[in-house]
Amino acid sequence: MAPKILNEQNRIAQREKLLAKGRELLNAFGIRKTSIEDITRAAGMAKGSFYLYFKSKEELFLEIINRFHKEWFMVAEKLVQDTPVEMIREKIKGFIIKMFNSPDYLSVFKYHDEMMELIKYAAVNEPGSLQDLLVLEHETYAHLLRLCGKDLEKVKPGVVHNYVHLLYVAVADKDIMVEAYKSETFSAALEGLLNYIFGE
């Protein structure tokens, strides 16, 4: 039995290594400039080994994005649980600013066009992964709002979800946003989100 356990542990470790190196390369170079060979070389594995764990680099990148969303949501949950009610608004504001300035999110903003291509790819080829991410976001916002003592009929998770994506557009979309006002737009949208949740 021991060899089987070791083999499974090794398989998990190898898969995690691909995800970790893929995340580093995604943050540094984006999706287009990162090849499967780049990822396996960084992980110290043969290129063919990649396909034992993932069908494509898109599948790997979708899991990476899903994973860092989960990580940040866990941080948000702990913050809300550990913060006195009267301080939650300012703490959440600081958390969102910190999250949007993290290496993971900065790479998403920097490679916005590539991320949009990945989402289109997922809609056709990996609809389950995309749906998992959307469900994760909605359920997390609902959970956090409940922790804040909010009535979900009055403060709707779907509206919070859309506000967060407005923040993303304010930072990332180079085609429709006026560059000189992006920072002010982000701040205004963030205040709008906080006012929606907590009132003015």
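Figures for the structure shown
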item	result
Net charge, A189 excluded, C-beta distance under 14 Å - Lys, Arg +1, Asp, Glu -1	-1
Net charge of Cβ neighbours under 14 Å - reference L145; Lys, Arg +1; Asp, Glu -1	0
At most 12 other Cβ within 10 Å, DSSP loop - GluC sites (Glu not before Pro), the stretch 1-92	none
Cα long-axis angle, helix 127-147 against the chain (0 to 90 degrees, to the nearest 10)	40 degrees
Length added when fully stretched, L136-R41, from 0.36 nm per residue minus Cα-Cα	31.0 nm
Projected-area mean, the chain, by convex hull of Cα positions, square nanometres	13.9 nm²
Relative contact order of the chain, defined on C-alpha pairs under 8 angstrom at six or more residues apart (%)	19 percent
Potential extension, N125-K78 segment - 0.36 nm per residue separation minus Cα distance	13.5 nm
Mean separation of Cα contacts under 8 Å, 6 or more apart, over the residue count of the stretch 1-54: relative contact order %	31 percent
With Cα atoms, 0 to 90° folded angle of helix 112-125 axis to the chain main axis	70 degrees
Unit charges at the beta carbon, dipole of the chain: most positive-side option, T140, M74, N195	M74
Per-pair calculated FRET efficiency, R0 = 30 Å: S56 and A13 via Cβ, rounded to 0.05	0.90
Dipole in debye (nearest 20) - the chain, about Cα centre, beta carbon charges: Lys, Arg +1; Asp, Glu -1	660 debye
Sparse-neighbour loop sites [GluC sites (Glu not before Pro); the stretch 94-189; at most 10 other C-beta within 10 Å; DSSP]	E153
Residues of the stretch 121-157 with amide N under 14 Å of the 7 Å Cα→Cβ point at F198	145, 148-150
Summed residue charge, Cβ within 15 Å of R32's Cβ, Lys/Arg positive, Asp/Glu negative	-2
Convex hull per residue volume in Å³, alpha carbons only, for the stretch 34-78	82 Å³
Cα gyration tensor category, rounded, prolate or oblate, for the stretch 1-54 with a/c compared to 1.5	prolate
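Each value in this text was obtained by applying a stated rule to the coordinates, not by laboratory testing. Predicted model, so just to flag it, every value in this text is computed and none were measured. Methodologically, a virtual Cβ is constructed for each residue, glycine included, from the backbone with ideal geometry; neighbour enumeration extends over all protein chains shown.
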